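Bear in mind that the values in this text are calculations on the coordinates, not laboratory data. In this text the structure is predicted, and so the values were computed from the model without any measurement. Because the Cβ atoms are built from the backbone with ideal geometry, glycine has one as well, and the counts that use them run over all protein chains shown.
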Amino acid sequence: MKNKSPLVVANWKLNGGTDLICASVSKFLRHNFKVNIGIAPPYVYLGDMANFLKNSSIMIGSQNISKFESGAFTGETSGQMLKEVGCNFCLIGHSERRQVFLENNASCQTKIARALEANLMPIICIGENEQQYELGLTKHILYKQLHESLQGQDLTGKELCIAYEPIWAIGSGKAASPESVQSIHAYIYEEICTIFDKETADKIRIIYGGSVNKKNAAELLAMPNIDGLLVGGASLDPEHFSEICELANKQAANATVQTNAEAVLA
Ligand code: PEP
């Protein structure tokens, strides 16, 4: 499954301002990361961030998208608008949106379609809560989230990413173990192979989020089924976040060396 270069995404949530933008932009413009990196600041900063980083490979994304295209929907922002200000991706169905703003699999399905129409890569967030985890319902929850939001999506010529984020791991300091994420990602992959054809499923990145930091990032990224990371709290410190990106860079470089060695030995 690991034929894609890692994707590391920062989710700033309702945090950050001009200071964090300046610090992040100056940090990231100085690096030449080979891996894919995305930053999702609050809406109001998207245009500025996209402009500052337009000559870099850093992608900019929103934390949400409207399920409507235009009209009398106060407070909403459409996919076309996000694309116009320079976004490359958008997060959809983050557990905080599901819990606080009552989003569900049906609204996620519409939002994914809107993002794809606007040529934004949807990063669809899925994951079980603590009680569901303890009751052994993880796969059941993921099955519903995947099938109800992805069924019927047309991915021809488009990119999509799935972020597995167990809710109990988000902001708790208790990341899931690399082995357990590995096995859950294998399950997610099996399911997306039943929703799309295998060729399409193979192109979908499955990344992990939940208390990722510079201490656990390398172990997580070393797992064959983990295609990248979604980072919340640790992404608010540009130094810390860039160390995580460095680890991903190193991991990708090692994987390339290994693939080349295998090709020579074949
Ligand atoms: C998140 O909310 O997407 C997240 C991964 O948060 P944290 O890294 O702080 O657990």
Checking the range 71-147 for chymotrypsin sites (Phe, Trp or Tyr not before Pro) in a loop per DSSP with at most 11 other beta-carbon atoms within 10 Å yields 101
Listed residue (137, 188, 235) projecting farthest to the positive dipole end of the chain, Cβ model
235
Calculated on alpha-carbon atoms, Rg and Dmax of the chain in Å
17.6, 62
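Let's see if you can work this out: charge +1 on each Lys and Arg Cβ, -1 on each Asp and Glu Cβ, no other charges. What is the dipole magnitude of the chain about its Cα centre, in debye to the nearest 20?
Dipole about the Cα centre, nearest 20: 380 debye.
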Please state the relative contact order of the chain as a whole percent: Cα pairs under 8 Å, 6+ residues apart?
21
Viscosity 0.890 mPa s, temperature 25 °C: Stokes-Einstein D of the range 1-139 from its Kirkwood Cα radius, in µm² per second?
152
Over the Cα atoms of the range 27-105 the radius of gyration and the largest Cα-Cα distance (Dmax), both in Å, equal 13.9, 43
Could you pull out the pairs from 4/144; 144/203; 67/250; 34/214; 34/139 whose alpha carbons sit more than 28 Å apart here?
67/250; 34/139
Going by the alpha-carbon gyration tensor, a ≥ b ≥ c the square roots of its eigenvalues, is the range 1-73 rounded (a/c under 1.5) or, if a/c is not under 1.5, prolate (a/b greater than b/c) versus oblate?
oblate
Given R₀ = 35 Å, what would the calculated FRET efficiency be for residue 240 paired with residue 117, taking r from the Cβ atoms and rounding to 0.05?
0.50
